[in-house]
1. Can you say whether LEU226 is more than 23 Å from the chain's Cα centre (by Cα) and either in contact (Cβ under 8 Å) with a residue 60 or more places away in the chain or within 11 Å of the ligand (Cβ to nearest atom) (or both), as far as the supplied structure shows?
2. In region 148-168, which residue that is among the charged types (D, E, K, R) and open to solvent by 50 Å² or more (accessible area, probe 1.4 Å) is nearest to LEU114 (Cα to Cα)?
3. State whether one or more residues within region 412-422 are open to solvent by 40 Å² or more (accessible area, probe 1.4 Å) and at positive phi.
4. Run HIS101 past the list (1) out of contact with any His (no Cβ under 8 Å at 6 or more places or on another chain); (2) free of Cβ contacts under 8 Å to residues at least 40 places away in the same chain and report the number of the one that doesn't hold.
5. Just checking, which of TRP186, TRP166 is aromatic (Phe, Trp, Tyr) and within 15 Å of ILE306 (Cβ to Cβ)?
6. Taking the residues in region 412-422 that are in contact with a Leu (Cβ under 8 Å, 6 or more places away or on another chain) and under 15 Å from ALA20 (Cα atoms) as candidates, determine which candidate is nearest to the ligand (Cβ to nearest atom).
7. Regarding ALA279, is this residue buried (at least 24 other Cβ atoms within 10 Å of the Cβ) and either touching a Pro at 6+ places or on another chain (Cβ under 6 Å) or modelled with pLDDT of 95 or more (or both)?
8. Return yes or no: is ALA384 buried (at least 24 other Cβ atoms within 10 Å of the Cβ) and within 12 Å of the ligand (Cβ to nearest atom)?
Amino acid sequence: MNGELYDALVIGAGFAGLTAARDLAKDGKRVLIVEARDRIGGRAWYRPFADTDFYIEMGGNWVDAEGNTALMAEVERYGVQLSMSPQAEHRVSLLDGVRSHAACPISRDDELDLQRFVQEVGTQVKRIDPRLPLDTQDVADLDVPLDSYLDGFGLSTTLKELMGAWIRQETGCHLSKISALHLMVWIPLLDNDVLAIGHTPTHRFAAGTIDLLQRMLDDSGAELLLSTPVAEVTQSAEHVEVRTHTGEVLRARGVVIALPLNCLPDVTFTPALSPDKAAGVAIGQSGAAKKLWALVTGLPPKLLGIGEHDEPIDVFFTDYPADETGLGGDLVVGFSTQERPLDILDRDDVEAAFRRYVPEAGVLKVDGHDWLADPYSKGTWCAAPAGLLSRYDSGLAAAEGRLVFAGSDIAHAFRGWMEGAVLTGASAATRLSEILAQA
Ligand SMILES: Cc1cc2nc3c(=O)[nH]c(=O)nc-3n(C[C@H](O)[C@H](O)[C@H](O)COP(=O)(O)OP(=O)(O)OC[C@H]3O[C@@H](n4cnc5c(N)ncnc54)[C@H](O)[C@@H]3O)c2cc1C
């Protein structure tokens, strides 16, 4: 390994890196994957819930089976089985101080305002081509904090809180920390359905994301170094040298950098990254969701809950009913954001949060992962803050010499989704093959 010259090194073994490695290997390249963690998958991590043997997804979870065409092509290629999260049968909302069990907890006036909102946003998104870099399009006026964008519509508190909860669940951050443009790009990809942003896709991997990830790795035949964080990437006219924190010095003709955006500052690049890429990296992404899993008793069957920002949990739903878990309760998944003090690993804290929705709720066990504190993600799924995309979208994704970049955080289409990771991994492999052919 040390001293050998590979055709390609792939740094990062998430969906993006594994897609790139598989495609490069299929193109006849000798590939080595270098991964900091002791497992593959990155922000997709299927592991047992608490101290049980029931497996759940800590990170990437649901697939839009119609829109996520690249991911679905991988699912079909390897014959991976999907299953479905159950449809909600009961609902509870806490909005503007009111608890409701209505399927649609807004007034008739709100419904009319919502129609007007959908129409206006629908018109604005027609200006966006979701497959092209946003800094090459005339959309800078939409690259503003989402809370100020929404304020422009004069919506009622209830409607704003309802939309805010769904948006926080979809983006994992406070509305001031995300650009309206980031969310608007999704709409043309979701069949131009503005309200689809509030529909969590229901398909999931029956045997976990690892099922697909492992098949991609096996199919690639690439070598893999786990527990090997990269420290330095130095390129010359002839090759690239990669130094790791564990002492390896690795060499290749080209490298795919498939790292989370917020982890790029931890690697020293020589020569330095281009000014546009460095400026985008310095801004970073804001996704900082708290995804929690709880084993809960006393809930109505297949419950969906949604609440205003004063509530510790924005959205939760029964993902595995008690008869499926065999654990004496429903396994419920919920979402919160960093600015609220909820400790997702504290049973009492989580129980108190659920009891605000359902006073009879009892929490037996909790689980979750702190992706923000994790040094190899430093955030959850990508949420672009205002000012990033309309200035640095091309720069973030651009190749630099023998380095090509991949990852869901820099995807033009489906940024923040597993789909975005697969799309960028595939195009990085194609780009690196072109670069190597010319070198
Ligand atoms: C809580 C949560 C819920 C999500 N839910 C969904 C969902 O339902 N649907 C969906 O489509 N997406 C979801 N996502 C997003 C999705 O998981 C990610 O967008 C996608 O997995 C990112 O893939 P990636 O390959 O771009 O990056 P990553 O998976 O982050 O891979 C990057 C890899 O780089 C490694 N690395 C970091 N630093 C170094 C270093 N110095 N040296 C070597 N390796 C390094 C990391 O360990 C990691 O393995 C969710 C994410 C989270 C966190």
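1. no
2. LYS160
3. Scanning region 412-422 turns up no residue that is open to solvent by 40 Å² or more (accessible area, probe 1.4 Å) and at positive phi.
4. Unmet condition: (1).
5. TRP166
6. MET418
7. no
8. Considered against the rule, which asks whether it is buried (at least 24 other Cβ atoms within 10 Å of the Cβ) and within 12 Å of the ligand (Cβ to nearest atom), ALA384 comes out as no.
The values are calculated or read from the model by the stated rules, or taken from the named source; none is laboratory data. Only a predicted model underlies this, so the values are computations on that prediction, with no experimental measurement involved. Note: ideal-geometry Cβ built from the backbone for every residue, glycine included; neighbour counts use all protein chains shown. SASA here: full protein model, heavy atoms, side chains in, ligands and nucleic acids out. Shrake-Rupley method; radii C 1.70, N 1.55, O 1.52, S 1.80 Å.
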